[in-house]
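To start, the structure under review is shown below, and the notes come after it.
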Amino acid sequence: MEENKLGRARWRVTLPQLQMGEDAESPKINHTFLRDYVTEADVISTVEFNQTGDLLATGDKGGRVVIFQRETESKGESEEAGETGDSGEYNVYSTFQSHEPDFDYLKSVEIEEKINKIRWLPQQNAAHFLLSTNDKTVKLWKVSERDKRPEGYNLKDEEGRLKDISTITSLQVPVLKPTDLMVEVRPRRVFANGHTYHVNSISVNSDGETYLSADDLRINMWHLGITDRSFNIVDIKPANMEDLTEVITAAEFHPHHCHLFVYSSSKGTLRLCDMRASALCDKHTKLFEEPEDPGNRSFFSEIISSVSDVKFSHSGRYLLTRDYLTAKVWDINMDKGPVETYQVHEYLRSKLCSLYENDCIFDKFECVWNSSDSVIMTGAYNSFFRMFDRETGRGVTLEAWRESSKPRAVLRTRRVYTGGKRRRGDVGVDSLDFTKKILHMAWHPSENIIAIAATNNLYIFQDRVNPDTQAQ
């Protein structure tokens, strides 16, 4: 995104919504336009682009995965739409049930079908592969297309029934004939029994052969071809659980160095680990921690300092983290503190008591980089999400909601009123809707296209600047 464009960034909705239900606020069905009645199973819980950005996968609390494919537009269609460059809409490509509800009979607890994370594997052939996980089990899925079918079997009739061998008097060579395009999704591997606690992260290694899965106390490394065993690389479980002081909140492999990975904790720390130094990485290579100001210490300090997400930059030089009130950028060569700190919604600091009572203080917001690592994005409440330009330090607040997100519409910046002169359209802190939270999002790997999950709706916005100037 161009530096001077961020303040008045113009985003258009290419897929205004993924309508999967109606809104609890309006129980009456509107037959002309289905409103927002949201069932828990329809709430989107993860969003992820593949490496090319042509496919976008979402997972929901009902255990379903929906894959969208980008439809390229012809030059004439783009010009008619008033756009420059190749920009296409995302349409539903495939939908499948990834996980089912289960029950742990040993512990007598239910295992939810909710999809916690989705990660795409680098494409090796015509098929696509993705990993999806719920609280306990990681699955590898193969997504492929079929537009031909074999005909002319010798031992089967047209309906697939076996023929009587005595009736076969001649042999024929089977042939492939064109048929309607079919998208097939098949499970290829099931990685079970690797975690005692809830899985919060999966990350594919740059070697293309292994991946890690992290739960509250342990991180395991798996080979994509081996399902019956994994290698434990981090274990912070104390001998006595009463001595437990922190849990693992997120983990990710370095984008280029297959021996490096980072994990975050509920104490606000980051640990960079090098598997060349030790097979069991209980001892970190670097510890990233920001010293706490004793003057700002409060009952909520430890809760709001918990890191909910950590992401390596595309270059691998920086780390982006999100805690409850801020987003921070860390240089992996400087462990004394973050190099950049962005206030996401500092105006909520005075509301922490009520946010604690309604459990919103425990919400886990994600954060993402743009393709050039020059802009970061994260979510907030009231259907707001925030973008920060790293060069200027300037931030904007945008809103993902149905009424202002018509196709081809231009999004306007929003502002939360905290004092001083109030502008038209400002939203007061007391008027914020804490049930409308933007927790999950993704940024296209090479273009200024973002995907925002808002309860059961998926919004896709695209920057309208010329793609040739986006990298400037």
Report summary line: Rg from C-alpha atoms of the stretch 212-316, normalised by the globular rule of thumb 2.2 N^0.38 Å, equals 1.16
Report task. Using only the alpha-carbon atoms of the chain, report the extent along each of the three principal axes, biggest first, to the nearest angstrom. Result -> 93, 62, 48
Query raised in the report: In nm, to one decimal, how far is the modelled label at SER301 from the one at ILE165, with both set 7 Å along Cα→Cβ?
Result: 8.2
Query - Spacing of the two label points (7 Å from each Cα toward its C-beta) at THR196 and GLU242, in nm - result: 1.8
Report task. Would you work out which of VAL173, PRO122, ASN154 lies farthest towards the positive end of the dipole of the stretch 106-241, given +1 charges on the beta-carbon of Lys and Arg and -1 on that of Asp and Glu, about the Cα centre? Result -> PRO122
Requested in this report: Give the carbon-plus-sulfur fraction of the accessible surface of the chain in %, rounded to a whole number; probe 1.4 Å, heavy atoms of protein chains only.
Outcome: 49
Query raised in the report: Which of the aspartates and glutamates could be linked to LYS177 by a straight reach, that is with a Cα gap under 13 Å, when you skip same-chain ones fewer than 8 residues away?
Result: ASP147, GLU151
Query - Qualifying lysines (Cα of each under 16 Å from Cα of LYS283; at least 8 residues distant if same chain) - result: LYS237
Query raised in the report: Going by a ≥ b ≥ c, the root eigenvalues of the Cα gyration tensor, does the stretch 240-397 fall in the rounded group (a/c under 1.5), the prolate group (a/b larger than b/c) or the oblate group?
Result: oblate
Requested in this report: Using θ = phi - 60° and the Karplus relation 6.51 cos²θ - 1.76 cosθ + 1.60, list the HN-Hα couplings for the stretch 446-461 in order, rounded to whole Hz, with x at every Gly or Pro.
Outcome: 9, 10, 8, 10, 10, 10, 10, 9, 10, 6, 9, 10, 10, 10, 10, 10
Query - Cα→Cβ-extended label distance, 7 Å offset, between HIS259 and GLU292, nm - result: 3.5
Report task. Keeping all protein chains in place, calculate the accessible area per residue for the chain (probe 1.4 angstrom), answer in Å². Result -> 50
Report summary line: For ARG394, other-chain or 5+-apart residues with amide H closer than 5 Å (H placed, Pro excluded) are ASP389
Query - Sparse-neighbourhood loop sites, chymotrypsin sites (Phe, Trp or Tyr not before Pro) in the stretch 264-370 - DSSP loop, at most 16 other Cβ within 10 angstrom - result: PHE299, PHE300
Query raised in the report: Is the shape of the stretch 117-258 best called rounded, prolate or oblate, per the rule: a/c under 1.5 gives rounded, else a/b larger than b/c gives prolate, else oblate, with a ≥ b ≥ c the square roots of the Cα gyration tensor eigenvalues?
Result: prolate
Report task. With runs of 4+ DSSP H residues as the only contributors, calculate the mean residue ellipticity of the chain at 222 nm using -39,500 (n - 2.57) per run, divided by the residue total and rounded to the nearest 500. Result -> -1000 deg cm²/dmol
Query raised in the report: For LYS328, which lysines qualify as cross-link partners when the Cα separation must be under 18 Å and same-chain residues fewer than eight apart are set aside?
Result: LYS267, LYS286, LYS311, LYS336, LYS364
Report summary line: Of the candidates VAL190, ASN200, HIS223, the farthest towards the positive dipole end of the stretch 186-227 (Lys/Arg Cβ +1, Asp/Glu Cβ -1, centred on the Cα centre) is VAL190
Query raised in the report: Around THR46, which amide H atoms from residues at least 5 apart in sequence, or from another chain, sit under 5 Å from its own amide H, with H modelled in the peptide plane?
Result: GLY59
Query - Length gained when the stretch GLU145-ALA127 is fully extended (0.36 nm per residue, less Cα-Cα span) - result: 5.7 nm
Query raised in the report: Where nothing but the Cβ of Lys and Arg (+1) and of Asp and Glu (-1) is charged, how large is the charge dipole of the chain around its Cα centre, in debye to the nearest 20?
Result: 600
**Report entry** Shape category assigned to the stretch 84-161 from the gyration tensor of Cα positions, a/c cut at 1.5
**Finding:** oblate
Query raised in the report: In sequence order, what are the phi-derived ³J(HN,Hα) couplings for the stretch 276-288 according to the Karplus relation 6.51 cos²θ - 1.76 cosθ + 1.60 with θ = phi - 60°, rounded to whole Hz, with x for glycine and proline?
Result: 6, 6, 7, 5, 9, 8, 5, 9, 6, 7, 9, 10, 9
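The values are calculated or read from the model by the stated rules, or taken from the named source; none is laboratory data. Quick caveat, the model's predicted, so the values are computed rather than measured. Neighbour counts run over all protein chains shown; Cβ positions are idealised from the backbone, glycine included. When the accessible area is computed, the model is the full protein with side chains, heavy atoms only, and any ligands, DNA or RNA have been set aside. Shrake-Rupley method; radii C 1.70, N 1.55, O 1.52, S 1.80 Å.
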